[in-house]
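**Q** Dropping the structure in here first, questions after.
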Amino acid sequence: MVQVYEDRRLAGSYHAGNDMPDASLRAWAGVIAECAPVPAPRVLEVGAGTGMFAAALARWTDARLVVGVEPSPAMLAEAHRLHPAAHRPDRLHFAAGRAEAVPLRPRSVDLALLSRVIHHLPDRRACARELARVLRPGGVVVVRTTFRERLDAVVYTYWPRLLDVDRIRFPAEADVRADFAAHGFDVVRISSHAEPVAAGLRAYHQRLATRPQSKFTHLTEAEFATGLARLAADAKAEAEAEAGAGADAEPLVRPRPVSERYDVAVFRLR
C-alpha cells in the first residue's frame, strides 16, 4: 500500500478522480455508521487516503471522533489540505500509520473502516490482529471492497485487461473471512451497496482522465490511452443523443448516472 501511494502524482489527482456527489457520499456514510455497535462511536479509518470518507463520517454521522490513519506522506498532506477540520483533533484527525501498526491505544475505538484498501495490504492477518487490539470488545470492522468473485466495475468495459489484473489483486470473500476469524472476529453480514459516482459518461471520462486510481499503474500509456478514447467516444455519443431533440425540446436521451457497487463485509470482535 505504501509503495503505490507514495506516488505524488497519484496523491494529487486521487481526490478529484475518486470524489462523488454529496448525496452518494452521505449515503455511504450512513451505510457505514449503521454498523456502529454504540451511539456516538469513536471511528478509525485505516488507509484513509486523502480523507474523503473520514471527513464524511465526521460531517454526516454522530461519530464522537474520526481518526484517519494513512501511511503515505503525500496522501496525508492532501488530507490535511482538503479537510481543514483535521486540525480540530476533538472531531476529525489524521495521523501517519500503517494497517499493521495503528498509532492508537488498545481498546480505544468502536468502529473501524477499511474502504477500498484491503487489496493493498501486504499482510491482512496482521491488520486483523491490530484491529483486534485497538477495538473495544464488541467493536466492528467494515470492509468496503469488491471481492474477487464479484468484480463488475464499469471501468472494465473500457480497460478490459484491468479485470485480469484485479482478479489477482483482490482477495476472495472466503480469504477475508478467514483472515478476520483468525483474530477473533465473527461475520455480522456481507451485503452489497451501489451509489452514483458520476452524472453520465462525460463526467465519468473527466473523473478518470488523470489516472486517479492505483489500478491504472498496471497499464501502459498506450493501453490507458486506448481505453480513454473508447470512453470519450461513448461520452460523445451520449452527449449527441442528449442534444438530439434540439434546443426547444426535451432531450431524446438523458445521461445515465454511472454507479459503482461495492461489497460491504461487517465483522464483530468477540
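The values are calculated or read from the model by the stated rules, or taken from the named source; none is laboratory data. Please read these numbers as outputs of a predicted model, since none were measured by experiment. Neighbour counts are summed over all protein chains in view; Cβ atoms, including those assigned to glycine, are modelled from backbone coordinates with ideal geometry. Only protein heavy atoms, including side chains, enter the accessible area calculation; ligands, DNA and RNA are left aside. Shrake-Rupley method; radii C 1.70, N 1.55, O 1.52, S 1.80 Å.
**Q** How much of the accessible area of the chain, probe 1.4 Å, is carbon plus sulfur, in whole percent?
**A** Taking all protein chains in place, the chain shows 53 percent carbon and sulfur surface.
**Q** If every alpha-carbon in region 78-158 counts as one equal scatterer, what log10 I(q)/I(0) does Debye give at q = 0.13 1/Å?
**A** So the normalised log intensities work out to -0.55.
**Q** For region 111-233, what are Rg and Dmax over the alpha carbons, in angstrom?
**A** 16.9, 53
**Q** In whole percent, what relative contact order does region 87-233 give with Cα contacts below 8 Å and a gap of six or more residues?
**A** Here the relative contact order equals 21 percent.
**Q** For the chain, what is the calculated [θ] at 222 nm in deg cm²/dmol (nearest 500), taking -39500 (n - 2.57) for each run of four or more DSSP H residues and dividing by its residue count?
**A** That comes out to -12000 deg cm²/dmol.
**Q** Once you have all Cα-Cα distances for the chain, histogram them in 5 Å bins from zero and send the whole-percent values.
**A** Once binned at 5 Å, the Cα pair distances of the chain give 1, 6, 12, 16, 18, 17, 12, 7, 5, 3, 1, 1, 0.
**Q** Please calculate how many Å² of accessible area region 68-119 carries per residue, with a 1.4 Å probe and no DNA, RNA or ligand atoms counted.
**A** With all protein chains present, region 68-119 gives 43 Å² per residue.
**Q** Could you point to the residue in 224, 208, 36 farthest towards the positive end of the chain's charge dipole, with +1 and -1 charges on the Cβ of Lys/Arg and Asp/Glu respectively?
**A** Final value for the positive-end residue is 36.
**Q** Let me ask something else about it. Taking only the alpha-carbon positions of region 164-270 and ignoring solvent, what does the Debye formula give for the base-10 log of I(q)/I(0) at q = 0.13, 0.15, 0.21 Å⁻¹?
**A** Log-scaled intensity ratios, in q order: -0.72, -0.84, -1.13.
**Q** Evaluate the relative contact order of the chain (contact order divided by residue number), counting alpha-carbon pairs under 8 angstrom at least 6 apart; express in whole percent.
**A** 21
**Q** Quick check on the chain: of the DSSP beta bridges with both residues there, what percent are antiparallel, nearest 5%?
**A** Restricted to the chain, the bridges split so that about 50 percent are antiparallel.
**Q** Treating the beta-carbon of each Lys and Arg as +1 and of each Asp and Glu as -1, no other charges, what is the dipole magnitude of the chain about its Cα centre, to the nearest 20 debye?
**A** 940
**Q** Report the chymotrypsin sites (Phe, Trp or Tyr not before Pro) located in region 29-120 that are in a DSSP loop and have at most 15 other Cβ atoms inside 10 Å of their Cβ, or state none.
**A** none
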